[in-house]
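Computed from the coordinates by the stated procedures, all read-outs in this text should not be read as laboratory data. Computed from a predicted structure; not experimentally measured. Neighbour counts run over all protein chains shown; Cβ positions are idealised from the backbone, glycine included.
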């Protein structure tokens, strides 16, 4: 197979203090078999974008997505970033962390999947541009994101090796800091790892005041043990990631985080049988408890209006696969599953008579079976063919409430009675298909054509939200919704065309796509009379038809040996097909370009990040337009080239140099009446001028 060398990362990836990540193998990169590309030491497959953890003041791993073509973040708070890829977000995007498809305990995704492992303990994040392979996850309609925490390496020679990394950062915009340390002790057969992280910050400054309340506090830890045989044909690993988030603001949601704590246990095995059969198994268990309320961080709230919500998520999952040679390629077959249980109860701690059993023992079980073949079909032609069968089972128990609207004959009691009278057990049988053909014109250029049929069953909120509430998986549009038990699964048909050209450090990689979604799930005005009595503008989840199209490009070049320019641009448009309207919360045309002086010792330069106006908004969600803006950043990094301090990196910079006042379209709408300079229902502001400094040491 050909090997390509590409310095592809946009200037934003070379943030001051960027850490060097250990090489990824092809299995970590969505099992792509096309020619690898080498990016600052990271070996990824062609078409798989790798992102290195940055070391600016932000420690939220979701922020890394802003540096990937086509990707972005729906931000509802400093630690509540929801992944978006090409206009799809939330449950439509598969997020896999160390083999676990993490499920939010919060019904509003305050503890979104990428919040579980902070940037400082993240080793890498990879995204396959375009259509995700069927092997990458059970429901991957909106793409598949792979996050890997730090795990350390086995020693290659005899004896014991000790390695690790400490990362530290401070910033001015919220008087925030983070600090972390990770260590790994290993010989050829065994390794033990332990790491921890702490971060804290106040409200973010912006040109018009403070964004209240965006304070945050989080502690996280990782530990694990790995074993491999002398011949390196078999490897076993067990790990545990723990997250303890304290009071943290989410001003675009009805409540803020009081705490979110719990852990995920992972057990995995990789083996080579008969010198040709690669076997992989993964088992995971998660147990998360989450509490939120509307008064701890929101000032003077009348006692009768105070609300507290207690949420839990418990579940396990597994994946077993075998990769075997077949014809001029390899066949991967496997099975995977995850099972999750959700509970959520709303109460007023100052009124014992008030309570709402919002989600009661909700179950969402997924079982998948897949087969995927990749290989050469002719000279300079590669083919990927994959299919997947998913069985989704969902169920929920009876609900209810006390006091107020839940008294006999009241609207709340009628809604609960109607919900409890229905059959809650639902089963969906979904089929996914992926086909991608790549032609290599020469060592420097190839073209890919792909097609995918992907499916997604409704989330538990979309099916079982029986009372008009904002518990919508983080939509953050300020609207009240009710669910629909009879929803049908979404079915997406996507076509993709990609082109890659690279000569040494000069490259350009454009892609265009079109996606049509049958039974797209969106809120529309309800006809439920009882729901309308509680909230006259209630929306009900319904199936509609929609389509999305767009393009994303990354490119760059080097000149004068030590200078480089990197850039990317992304555009997506989403529309309803049954009525004249746009889809909700779509990122506008955006891009970044940077020029950097880059040597072994110094990295210094500047970058511009720009977003266009977003006027193509959703009327059904009462979505308001936002004006365009650009942000100018200055970044620097010093890497001493002396043996005594090898591995030391010192970073510094200024973000938003001009203190540009801007409203971020993908930020939710403000729900905190105490917010400084931002009215309720207005888009939250972007971060103001930030001076930051970082220090890391890798040994």
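When both bridge partners sit in the chain, DSSP labels roughly 95% of those beta bridges antiparallel. Taking 0.692 mPa s as the viscosity and 37 °C as the temperature, the Stokes-Einstein diffusion coefficient of segment 455-505 based on its alpha-carbon Kirkwood radius rounds to 233 µm²/s.
From most to least packed by mean Cβ count within 10 Å, the peptides 589-596, 330-337 give 589-596, 330-337. A viscosity of 1.306 mPa s and a temperature of 10 °C, combined with the Kirkwood radius over C-alpha pairs in the Stokes-Einstein formula, give segment 610-699 a diffusion coefficient of 99 µm²/s. In terms of other Cβ atoms within 10 Å, 144, 457 run from fewest to most in the order 144, 457. Between residue 246 and residue 172, residue separation times 0.36 nm minus the direct Cα-Cα distance comes to 24.5 nm. Residues 687, 553 in ascending order of nearby Cβ atoms (within 10 Å, fewest first): 553, 687. Short-range pairs are left out: with C-alpha atoms under 8 Å and at least six residues apart, the relative contact order of the chain is 13 percent. For the chain, the longest principal axis of the Cα atoms and the long axis of helix 411-420 meet at an angle of about 60 degrees. Considering every alpha-carbon pair of segment 132-259, the percent of pairs per 10 Å bin, from zero through the bin containing the longest distance, is 11, 26, 27, 24, 10, 2, 0. Rg and Dmax of segment 4-698, both derived from C-alpha coordinates alone, stand at 24.5, 79 Å.
Compare the peptides 150-158, 654-662 by average per-residue count of other Cβ atoms within 10 angstrom and give them in order, highest first.
Top to bottom by mean Cβ count within 10 Å: 654-662, 150-158.
Diagonalising the gyration tensor over the Cα atoms of segment 591-636 and scaling each eigenvalue by 5 before taking the square root yields semi-axes of 36, 8, 7 Å, largest first. Please tell me the relative contact order of segment 626-680 in percent, rounded to the nearest whole number, where contacts are Cα pairs under 8 Å and at least six residues apart. Computed value for segment 626-680: 34 percent relative contact order. What whole-number distance in Å separates the alpha-carbon centres of segment 646-660 and segment 661-699? About 18 Å separates the Cα centre of segment 646-660 from the one of segment 661-699.
Between segment 526-602 and segment 414-452, what is the C-alpha centre distance in whole Å? Using only Cα atoms, the two centres lie 19 Å from each other. The alpha carbon convex hull volume per residue for segment 548-633 rounds to 93 Å³. The listed peptides 77-90, 204-217, 434-447, 490-503, ordered by packing as a protection proxy, come out as 77-90, 204-217, 490-503, 434-447 (highest mean of other Cβ atoms within 10 Å first). Counting only DSSP beta bridges whose two residues both lie in segment 586-699, roughly 100 percent are antiparallel. With neighbours defined as other Cβ atoms within 10 Å of a residue's Cβ, the residues 326, 255, 394, 292 order from fewest to most as 326, 394, 255, 292.
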